[in-house]
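Step one of this worksheet: look at the structure below.
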């Protein structure tokens, strides 16, 4: 009985050693297991034969012809799919958590800003040490120059009811805008470029942007507002306390 | 082309190791994604082809894998290597695609099929061809076993890493390797001796 137990134990040890031989060969077996394998191999001819078999197997796999399937021209396709997926995910995220239209655009802007800052930070950190100092010094000089040579302009505020004749050639009107639920930041940006407008504040937690756009002297304010309200991406527009910023 | 390569090299050094690049991908950084794409594309194409034995599917599967990497980067927990995580996605995509095509375990390589069907006399293969014939025979293994063989001998993963990639217990990995070896012995010509390394 004891003899049978011994045989059973030896068989079990042999099986467990033989099972890990492939990883002994590829060099990933932990040191302790390596020692067990080496000790076992001193007396096991079957495992030595298996080693030869596995080494041939490894060689055959490694020598197999590499697959020359495709060239790397799929990146653009993948990026397009990602863009599509991202916009869908953005809408889904918004629908899941907060009702308002607001989240999507707010998230997009924050994401965009975060990406930009993090990207330029990485570019900066990747520069050699000497270059970093140069970049910092140049940035400081630019800021200093900006402070020194900026003319002191005191903004003039007037009411919208004031006649256009009182204003200069061109005024900017500020208004509060809420964009459509499924709008993307790039669409907002496109809209702003076309309408010669810019974001001066927001979005607020409720998704309200403050925009500044050109208000030509010969234009009626209501027309400007109506024009914005007619845009498909815009859900709500109102002037900011009837304030016009004169350039 | 040179400028493009230089730009790629700069981006590659900018994102450093895989976890750093994947972290940036999780934050939505497309440049980091491009770096990971270039790092893994060739490796994944080979792996997926080896598992599926289908050139027409490999490219599409790898593209799907990279889209998943982009979408799920934020879910990477760092408990395994990034490469293990990505290969895991590739493995599951490959197996799922094979199942969809209902061709799991069917030999797809025509050369290997012909080899298996040759009469015994013609199957006496000179040693010089041994390696090539063994490769052909490998293509007849089931996809799950082939994946374990590839991940072990070509990509050099440990068995716990392979268990993580294919989402199974380590003993299953060992068992798959065991069956792969036994099947190879059955498929290889009778009486042939393994040449000395």
Output the qualifying pairs, or none if there are none: Cβ atoms under 8 angstrom, residues six or more apart or on different chains, first residue in the range A:28-52 and surrounded by 15 or more Cβ atoms within 10 Å (Cβ to Cβ), second residue modelled with pLDDT of 90 or more and in a loop (DSSP other than H, G, I, E, B).
-> A:28/B:156; A:28/B:157; A:28/B:158; A:29/B:158; A:37/A:29
Out of B:8, B:53, which single residue is at pLDDT below 90, surrounded by fewer than 18 Cβ atoms within 10 Å (Cβ to Cβ) and not assigned by TED's automatic domain parsing to the domain that holds residue B:149?
-> B:8
Those residues of the range B:39-49 which are touching a helix residue (DSSP H, G or I) at 6+ places or on another chain (Cβ under 6 Å) and facing another protein chain (nearest Cβ under 8 Å) amount to B:45, B:49
What are the residues in the range B:156-197 that are modelled with pLDDT of 80 or more, assigned to a loop (DSSP other than H, G, I, E, B), more than 9 Å from chain A (Cβ to nearest Cβ) and surrounded by 15 or more Cβ atoms within 10 Å (Cβ to Cβ), if any?
-> B:168
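Has the range B:62-74 got at least one residue that is at pLDDT below 90, assigned to a helix (DSSP H, G or I) and within 12 Å of chain A (Cβ to nearest Cβ)?
No, there is no match, as no residue in the range B:62-74 is at pLDDT below 90, assigned to a helix (DSSP H, G or I) and within 12 Å of chain A (Cβ to nearest Cβ).
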Residues of the range A:158-187 that turn out to be surrounded by 10 or more Cβ atoms within 10 Å (Cβ to Cβ) and either modelled with pLDDT under 70 or part of a strand (DSSP E or B) (or both), as a count | 20
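The values are calculated or read from the model by the stated rules, or taken from the named source; none is laboratory data. Computed from a predicted structure; not experimentally measured. In this analysis, Cβ positions are derived from the backbone assuming ideal geometry, glycine residues included, and neighbour counts consider all displayed protein chains.
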